[in-house]
Structures are given as C-alpha cells and as structure tokens.
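The values are calculated or read from the model by the stated rules, or taken from the named source; none is laboratory data. Since the structure is predicted, the reported quantities are computational estimates derived from the model, not experimental observations. Neighbour counts run over all protein chains shown; Cβ positions are idealised from the backbone, glycine included.
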Amino acid sequence: MFKRIILPNGLRFIHVPMNGTQTVTVLVMAATGSKYETKEKNGISHFLEHMIFKGTRRRPTPAQIHGVLNEVGAIHNAFTAHEWTGYFVKVPREHTKIAVDVVSDVLLHALFPSAEIDRERGAVIAELNMYRDDPMRHVEDLFYEVLYGDQPAGWNVGGRAEVIQRITRKDFLEYLRDHYRTETMAVIIAGNISEAKALRLVKKYFAGVRKGKGKGKLPVVIRQARPEVKIASYPHADQGHLR
C-alpha cells in the first residue's frame, strides 16, 4: 500500500513498497508540459526534458552524469506530456542513494551548457520530424489540434521547429525557476526500501527545491461546436489511421 506525505516545504512524497523486488525506482513528476507554455515558448517543456541530464554544477558534462549511473547499472529516462513531465532512475536497491542524488542534482543544479543546447536542438527537431512522418503518431497530434484549436491544449507537446531554434539558456533557467517548485512536484520512490529511509533521502536531497506553486496552466476553452474532420495525406502509407 503506497503512502503519500506532504513535506513541510510543500513537496509531495509518495512511497510505494515493493518487497518482492531487488530494485528501487526514483521518479520525479512535475506539473508542466505543453499546456503550461506560451505560444512563443511552445516546446520548451520537452526541450528542457532533453537538456536536464546534460550537466550540473557537480557533474558538468553528460558523460559524468551517465558515468555515475552506468557504474551502478542504472536505467534512466524522462518523458513529457501535455500536463506533466517525469524523470526517473531505476537502480539495484543498494544504490538508491545514488539515484536520489542524481535526480535531485539534475533538477536543482542543471547548467544548460550552450554547446549542449545547440547540439540537442537538432535532435529535438529531428524527433519532431520523425513523429510527423509517422501517421500513427501524427494522427494523435491532429486530434488535439482539431479538438482544441490554437491554444495550449491543442499544441504539439514537442513544439514547433521555429520555436525550438530560438530557445536559449536563459529561457531554460527561467522556465525551471517558474515551474519546478515544491507544490508542483512529487517525488515517488517505489521498490524494496523502507518508508523511513526513502523519506530521509528525499528530505536531504530535495531540500533545495524552490518553494511555492509556480506558474499554472491556462484554462482550456472548448471551441468545437460541431463535428470536424482533418485529413493528412501520406502517399506511401500502407494503411489509414483514425482517431
């Protein structure tokens, strides 16, 4: 049975005991995504997710971060959606401290090196193009576009290439400051670890999270008054996709 605890600074902690496993997963969820963006910064949530493991004050290069994780056999990844962004590290239970340390480090002390931003910019745009070329994936973007129109709820989570080209280090630092706060984040630790130990680690390593609620999302306006159809043509596709 999981347990939810709100720490004195407002940060939410969830402990999920799983005594039948020899691993522990540390997951941080943040209330941020494309619904929290302006049109001028559409895609910054996803781009920031790509950048978060690119260097910190203690571990200035991606190689140093990945090296620490690889040494203990960790699996790590991140994901972005319309309303949330998540970062996780999964490790053998004896290395839980390293997982909590690294996840907190990248979220609290990210450097966003300019050279890495320019390098990753191309990767993000390539990912946008890849999804656009995949009918099964692209039909989902079209669905939200038809349903909500030109507002955050209807925008592509990955953003637009022309916006990605303009995002700067200053933009990342401001977005992290404004959206990654105690009352908009939750730390989940699941696996073979006691609640007391997990709680001690969270209190120690996430003490520096900025307090407050952060910037919220704009309300969704339902604009579709009648059935609508949007068609995207893929001449070389061997099947159709309907959403």
Of the residues in segment 14-55, those that are among the polar types (S, T, N, Q), out of contact with any strand residue (DSSP E or B) (no Cβ under 6 Å at 6 or more places or on another chain) and buried (at least 19 other Cβ atoms within 10 Å of the Cβ) come to SER34, ASN42
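Evaluate the following for GLY214: is it in a loop (DSSP other than H, G, I, E, B) and at positive phi? Spell out how you get there, then give the answer.
Numbers: in a loop (DSSP other than H, G, I, E, B): yes; at positive phi: yes.
The answer is yes for GLY214.
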So, first residue of a type in the set (Phe, Trp, Tyr) in segment 102-113, second residue not in a loop (DSSP other than H, G, I, E, B), Cβ within less than 7 Å, six or more apart or across chains; the pairs are PHE112/MET51; PHE112/ARG169; PHE112/PHE172; PHE112/LEU173
Residues of segment 1-15 satisfying the condition of being touching a residue at least 60 places away in the same chain (Cβ under 8 Å), among the basic types (Lys, Arg) and over 11 Å from VAL202 (Cβ atoms): LYS3
When segment 82-101 is checked residue by residue, the ones that are free of Cβ contacts under 8 Å to residues at least 60 places away in the same chain and acidic (Asp, Glu) are GLU94
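Any chance you could count how many residues in segment 182-195 are of a type in the set (Ser, Thr, Tyr) and surrounded by fewer than 19 Cβ atoms within 10 Å (Cβ to Cβ)? Break it down into steps so the answer makes sense when it comes.
At the first step, the residues of segment 182-195 found to be of a type in the set (Ser, Thr, Tyr) are 182, 184, 194.
In the following step, the residues that additionally are surrounded by fewer than 19 Cβ atoms within 10 Å (Cβ to Cβ) were identified as 194.
Qualifying residue count, segment 182-195: 1.
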Taking helices (runs of 4 or more DSSP H) that fall entirely within segment 87-181, which contain at least 2 residues that are at pLDDT below 95, among the hydrophobic types (A, V, I, L, M, F, W, C) and surrounded by 14 or more Cβ atoms within 10 Å (Cβ to Cβ)? 135-148
Need pairs with beta-carbon distance below 7 Å; first residue at pLDDT 90 or above and within segment 210-239, second among the small types (Gly, Ala, Ser); sequence gap 6+ or separate chains. LYS211/GLY10; VAL220/ALA153
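Please state which one of ALA115, ALA123, ALA81, ALA99 is under 14 Å from VAL26 (Cβ atoms) and either of a type in the set (Gly, Ala, Ser) or within 14 Å of the chain's Cα centre (by Cα) (or both).
Values: ALA115 fails: under 14 Å from VAL26 (Cβ atoms); ALA123 fails: under 14 Å from VAL26 (Cβ atoms); ALA81 fails: under 14 Å from VAL26 (Cβ atoms).
Only one candidate qualifies: ALA99.
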Counting just the residues of segment 63-86 that are of a type in the set (Gly, Ala, Ser) and in a loop (DSSP other than H, G, I, E, B), which one comes out farthest from LEU199 (Cα to Cα)? ALA81
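Working carefully through the options ALA190, ALA198, find the one that is more than 16 Å from the chain's Cα centre (by Cα), assigned to a helix (DSSP H, G or I) and more than 20 Å from TYR131 (Cα to Cα). First the steps, then the outcome.
On the way: ALA190 fails: assigned to a helix (DSSP H, G or I).
Only one candidate qualifies: ALA198.
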